[in-house]
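Below: the structure, in structure tokens.
The values are calculated or read from the model by the stated rules, or taken from the named source; none is laboratory data. Only a predicted model underlies this, so the values are computations on that prediction, with no experimental measurement involved. Don't worry about glycine lacking a Cβ; one is built from the backbone with ideal geometry, like all the others, and counts go over all protein chains shown. For the accessible areas, the whole protein counts, side chains as well, though only heavy atoms, and no ligand, DNA or RNA atoms are used. Shrake-Rupley method; radii C 1.70, N 1.55, O 1.52, S 1.80 Å.
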Amino acid sequence: MNRRSTALAAGIIVACVTGSFLALSRIHAVYPASPMDDVLFISSPEFVKKASLGYSGLLADIYWIRVVQYFGRKHLRDSKEYKALAPLLDITTTLDPNLVIAYEWGSTFLDQPPPSGAGDDAAAVELIRKGIRNNPNDWHLYFTLGFIQYLGQHDYIGAAQTFEDGSKVPNAHPWLKVMAAKMLSDAGNPETARYMWQNIYNESTDKNLKENAALHLACLVVDQEVPQLESLVAQFRRRAGRNPVSWRELSALGLRSIPRDPTGLPYVLRTDGTVVVADAKKLPFIHAGNPG
């Protein structure tokens, strides 16, 4: 009798949570920019876990779907704020401490700068450290933490230690040891970032992760090419006493064709001599050549 009552209560709770998510989805469909996006009716992870009555794994999956939907809506609207993202991820990973995908992708959602993500390095690090505490033998989590420390926080010493710790985990990938050494010797070199992203692209079997790595590699190409193009513009200016009005004027300096960014669009030559990409939304991680 007690067992049946518990199962019935758990079923009701799961149905209510699912129903609330469906109701929110309906609200978002009618009011896409609704402030309800950032509302959490239950914000305590411990309360949600107790209320799951043993069905925490199922509830974690439901909350993870909520995280992905929330992030997707915000991302599509180029939102600058993701207020509910960290609390939702905390609830999800408290319900299922072994849901590794929530730590890996959740920390990525948190770490990426707006509008691509929340731009909250501290929350991303806190989440991935929670993942390591609960899954100490998963080397991917050490890699993700080191990655955030390196590119997000520029904490090269911390990243080196994390990569070193991860390299000691059973079946860890050999390049964690390599990354630990690079952090201590050559962290500021763009080639280190290129090495990291290239390894992710080569080794990952996850389609989304592979696409993300390819996008970062493309952005690194832009960061390399824009200064080179602006250097040519500066040479022309010293010779002619003015900025070039078109790319063709730089042919005498060795430019053989109109330069294009990795998306195939021509670079834009501005009247002030700066060079920018035509569509920065397609290259969200560039540091050079951003029109904004």
Exercise. Where only protein heavy atoms count, and the probe is 1.4 Å, what is the accessible area per residue for region 130-287 in Å²?
Worked result: 54 Å²
Exercise. What is the diffusion coefficient of region 45-213 in µm²/s, taking the Kirkwood radius over Cα pairs and the Stokes-Einstein relation at 37 °C with a viscosity of 0.692 mPa s?
Worked result: 199 µm²/s
Problem set entry | Spatial extent of the chain: Rg and Dmax, with the Cα atoms as the point set, Å | 23.5, 91
Exercise. Among the chymotrypsin sites (Phe, Trp or Tyr not before Pro) within region 34-135, which fall in a DSSP loop and have no more than 16 other Cβ atoms within 10 Å of their own Cβ?
Worked result: F41
For this session: Please work out the Kirkwood hydrodynamic radius for region 112-185, using every pair of different C-alpha atoms, and report it in angstroms with one decimal place.
Result: 12.3 Å
Exercise. Ignoring ligands, DNA and RNA, what percent of the accessible area of region 224-282 is carbon or sulfur (1.4 Å)?
Worked result: 48 percent
Exercise. Taking Rh as the Kirkwood radius computed over C-alpha pairs, what is the Stokes-Einstein D of region 179-292 at 37 °C in a medium of viscosity 0.692 mPa s, expressed in µm² per second?
Worked result: 210 µm²/s
Exercise. Roughly speaking, to the nearest percent, how much of region 124-166's 1.4 Å accessible area is carbon and sulfur?
Worked result: 51 percent
For this session: Averaging sequence separations of C-alpha pairs under 8 Å and six or more residues apart, then dividing by the length of the chain, give the relative contact order as a whole percent.
Result: 9 percent
Problem set entry | C-alpha center-to-center spacing [region 71-127, region 233-292] in angstrom | 35 Å
Exercise. Helix 100-111 versus the longest principal axis of the chain: what angle, 0 to 90°, nearest 10, using Cα atoms?
Worked result: 50 degrees
Exercise. Among residues other than L127 whose Cβ falls under 13 Å from its Cβ, what is the net charge (Lys/Arg +1, Asp/Glu -1)?
Worked result: -3
For this session: Rounded to the nearest 500, what is the 222 nm mean residue ellipticity of the chain from helices alone, with -39500 (n - 2.57) per DSSP H run of 4+ residues and division by all residues?
Result: -20000 deg cm²/dmol
Exercise. Helix 121-134 versus the longest principal axis of the chain: what is the Cα-based angle in degrees, 0 to 90, to the nearest 10?
Worked result: 50 degrees
For this session: Please express the shape of region 142-193 as an equivalent ellipsoid: the semi-axes are the square roots of 5 times the eigenvalues of the C-alpha gyration tensor, given largest first in whole angstrom.
Result: 17, 11, 8
Seminar exercise, completed: For region 242-292, the Kirkwood Rh over every pair of distinct alpha carbons, in Å, works out to 11.7 Å
For this session: Given the options D206, D96, D223, state which has the largest fluctuation in a GNM of the chain using a 10 Å cut-off (strictly under) for Cα springs.
Result: D206
Problem set entry | Förster radius 51 Å - calculated FRET efficiency between Q228 and E126 (Cβ-Cβ, nearest 0.05) | 0.85
Seminar exercise, completed: If one compares the long axis through the Cα atoms of helix 85-95 with the longest principal axis of the Cα atoms of the chain, the angle in degrees, nearest 10, works out at 40 degrees
